[in-house]
Amino acid sequence: MPTPPAPGLVLSPSATIGEGVSFGAHVVVHAGVVLGDGVTVQDGAVLGKSPTLAPTSTAGGTDAAALIVEEGASICAQAVVFAGARIGAGTIIGDQAYVRERAIIGAGSVVGRGSAIDNDVRVGERVRIQTGVYLTAHSLVEDDVFLGPCAMTTNDDTMARIPEGYTMRGATLRRACRIGGGAVLVPGIEVGEEAFVAAGAVVTTDVPARAVVMGVPARVVGEVPDDQLLERFR
Amino acid sequence: MPTPPAPGLVLSPSATIGEGVSFGAHVVVHAGVVLGDGVTVQDGAVLGKSPTLAPTSTAGGTDAAALIVEEGASICAQAVVFAGARIGAGTIIGDQAYVRERAIIGAGSVVGRGSAIDNDVRVGERVRIQTGVYLTAHSLVEDDVFLGPCAMTTNDDTMARIPEGYTMRGATLRRACRIGGGAVLVPGIEVGEEAFVAAGAVVTTDVPARAVVMGVPARVVGEVPDDQLLERFR
Amino acid sequence: MPTPPAPGLVLSPSATIGEGVSFGAHVVVHAGVVLGDGVTVQDGAVLGKSPTLAPTSTAGGTDAAALIVEEGASICAQAVVFAGARIGAGTIIGDQAYVRERAIIGAGSVVGRGSAIDNDVRVGERVRIQTGVYLTAHSLVEDDVFLGPCAMTTNDDTMARIPEGYTMRGATLRRACRIGGGAVLVPGIEVGEEAFVAAGAVVTTDVPARAVVMGVPARVVGEVPDDQLLERFR
């Protein structure tokens, strides 16, 4: 714990706090949360809350697992991060952002201001999620993906008329693909490695690796040139 | 009141608190709020605040009515619910969501994380509003409607060049219709019973009952089949 | 300071507080913040926080400048406003909204609920930003502009594959233009004076003054008539 204690800190006795953790004001740390060394938690953040599920929710039973925030990560002001999530080393969860149960965010990634990462989403390393993005449950985001502001995903073709045996299908975003601002992905879309989805596109079919797509519905209009591949920028 | 009092609870002496109400940390309950039996209020929620209106606002004078939260409802973390709203029994107002003055939400509904319900909106029972939805002032949402993530509505064709006598026209969403993620509705749109608006559609004309529409602008492409009607799922 | 002090107020000793400032509960005021006379700060607002920048961020070094909130402005519930921003007299920063470092908002403007104004954005006077809007870094918004709900902007054509010497290009919104709800602007777009962008448009080329554009991509479909020009409404 910091000395002196941060104003308004509500810290569960079962939380585990590493060396050099800093707290802003009015932070709430629920039971079982584990904060690694050097983690920063800013004003008004809520860590380790349990889900509130509707009787009709498909998110599944509450996971008893703890929230784990690895060393050097930052949880910014008014962010809400659930019990059962895992935040990688050095990753930034932006102001007013939201990460649900069983979401796993890799090291060195950024979840932008106000973005929402639903339950059971897996996000890789060095992923850059801009402002106001929505990643639906069961999405997979591989390393080095870029998601532009207000890009969003869906996972339920039926919109809550779910037949027996139906499985929610989130987005699959392969390594180093880029999704433009305001893009909409219908359920189950896979975007290939190094592909480029233009701003405002509505993506209704899978996007091949390195393809450039745009429009409503999105069509392939070209290929990402060699000089834009990620390897040129590392 | 819970025993012991929740940390940081700021509770107006004129609030009425039912049996078995639970409070998270740093909750603020303003004057006149009525919380029914078994209501849950999570960390950082603000209940019963009064509107802050610009001189140019069309939302109308401050209503002196109280916020009423009926039995068993949940107000999740960092939600803001205004004075003069009414939240139905068992309804969930999600984390970081927002409900304005004179909005009425029926029983058994869900307002998803970060969604905003403007003043004078009426929402029925068992309505499922997903993450990041925006319902503009004076909208009507009937029972059993589904609104996908980031769907949004508008109510002012003039965009603030309002002629004398002009009336804002919100969306009218009839019983059991479904609005896809990221859909945009222009002012005054009515979507018929059991209709289906595809993800990413821009809806510029009314949608007939049971019609399936998609695209920009949205066109009718089919009809909802019998086996997808709500009655098959209850 | 108000008498008695607001509950949970965390006030830096280096903040400067004018006459008649009112604080809600659990407000946090960081170092150097200057609040003019008659400013209102509502529950849970965070004022003067410093940015948390990723190593890959293009937002530039932390500015040591203070947050200045001019007389009569309102910072609503759970808003986050950064150090180095300036909020004009009488302006309203809505509930759950977000204003970053070096953003300047003119007098008499409104930033709607949940909207995000990034670093180095300049917003003029009497600008009306509705709910859930995103203004990307380095945007310029002139006086009397209207931005509909969930309108959004982008500033990076490369989506993080930034060549040497590349400059981010935000939106330029000229005097009294109107941007429809859910509109998407690609990087560097300029919208001319008194132009009208329809709801749901994806704007991929500059919009001439007084032009009416709609669709994906947005095309010119007409001209704003004389009787809709701003001068008729003042």
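Here are the numbers for this structure:
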{"quantity": "Karplus-derived HN-Hα couplings along segment C:112-128 (A = 6.51, B = -1.76, C = 1.60, θ = phi - 60°), whole Hz, x at Gly and Pro", "calculated": "x, 3, x, 6, 10, 10, 7, 4, 6, 7, 10, 10, x, 9, 6, 7, 10"}
{"quantity": "Ranked by how many other beta carbons lie within 10 Å on average, peptides A:176-189, B:118-131 from highest", "calculated": "A:176-189, B:118-131"}
{"quantity": "Test item: B:107-119 mean partner chain Cβ contacts at 10 Å", "calculated": "4"}
{"quantity": "Interchain or long-range residues, amide H under 5 Å from B:V202's placed H", "calculated": "B:V184, B:G215, B:V216, B:A218"}
{"quantity": "Computed Rg/Rh of segment C:1-113, alpha carbon atoms with Kirkwood Rh", "calculated": "0.96"}
{"quantity": "Estimated Rh, chain B: Kirkwood, alpha-carbon pairs, angstrom", "calculated": "18.2"}
{"quantity": "Selection from A:G112, A:A89, A:A73, by position along the positive dipole direction of segment A:50-142 (Cβ)", "calculated": "A:G112"}
{"quantity": "Global form of the protein assembly as shown, assessed from the alpha-carbon gyration tensor, a/c cut-off 1.5", "calculated": "rounded"}
{"quantity": "³J(HN,Hα), Karplus 6.51/-1.76/1.60, whole Hz, each residue of segment B:84-92, x for Gly, Pro", "calculated": "x, 8, 9, 10, x, 4, x, 6, 10"}
{"quantity": "Mean Cβ neighbour count within 10 Å, used as a protection proxy, ranking A:213-222, A:199-208, C:201-210 highest first", "calculated": "A:199-208, C:201-210, A:213-222"}
{"quantity": "Shortest-first distances to equivalent copies, position B:T56, nm, label 7 Å out along Cβ", "calculated": "3.8, 3.8"}
{"quantity": "Per-copy distances of the C:F233 label point, shortest first, in nm (7 angstrom along Cα→Cβ)", "calculated": "3.9, 3.9"}
{"quantity": "Other protein chain Cβ atoms within 10 Å, averaged over every residue that makes up C:184-190", "calculated": "4"}
{"quantity": "Averaged over B:199-207, number of beta-carbon atoms from partner chains that fall within 10 Å", "calculated": "6"}
{"quantity": "Rounded if a/c under 1.5, otherwise prolate or oblate - segment B:83-208, Cα gyration tensor axes", "calculated": "oblate"}
{"quantity": "Anisotropy class of segment A:79-122 from Cα gyration tensor, a/c 1.5 cut", "calculated": "oblate"}
{"quantity": "Across the identical copies, how the C:P13 labels are spaced - nm, sorted shortest first, 7 Å along Cα→Cβ", "calculated": "3.4, 3.4"}
{"quantity": "Spin-label pair C:R175/A:D37, simplified geometry with 7 Å Cα→Cβ offset, distance in nm", "calculated": "6.0"}
{"quantity": "Under the Karplus curve 6.51 cos²θ - 1.76 cosθ + 1.60, θ = phi - 60°, whole-Hz ³J(HN,Hα) for segment A:223-234, x wherever Gly or Pro sits", "calculated": "10, 5, x, 3, 6, 10, 5, 4, 4, 6, 10, 10"}
{"quantity": "Relative contact order, percent, segment C:72-118 [alpha-carbon distance under 8 Å, six or more residues apart]", "calculated": "37"}
{"quantity": "Segment B:1-133 - percent relative contact order, Cα under 8 Å, separation 6 or more", "calculated": "16"}
{"quantity": "Over segment C:116-163, relative contact order from alpha-carbon pairs under 8 Å, at least 6 apart, %", "calculated": "37"}
{"quantity": "Signed unit charges on C-beta, dipole axis of the protein assembly as shown, positive-most listed residue A:P51, B:Q42, A:L9", "calculated": "A:P51"}
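Throughout, read-outs are computed from the coordinates displayed, never taken from laboratory work. This structure is a prediction, so every number in the text was calculated from the model and none was measured. Please note: Cβ atoms are built from the backbone with ideal geometry, for glycine as well, and neighbour counts cover all protein chains shown.
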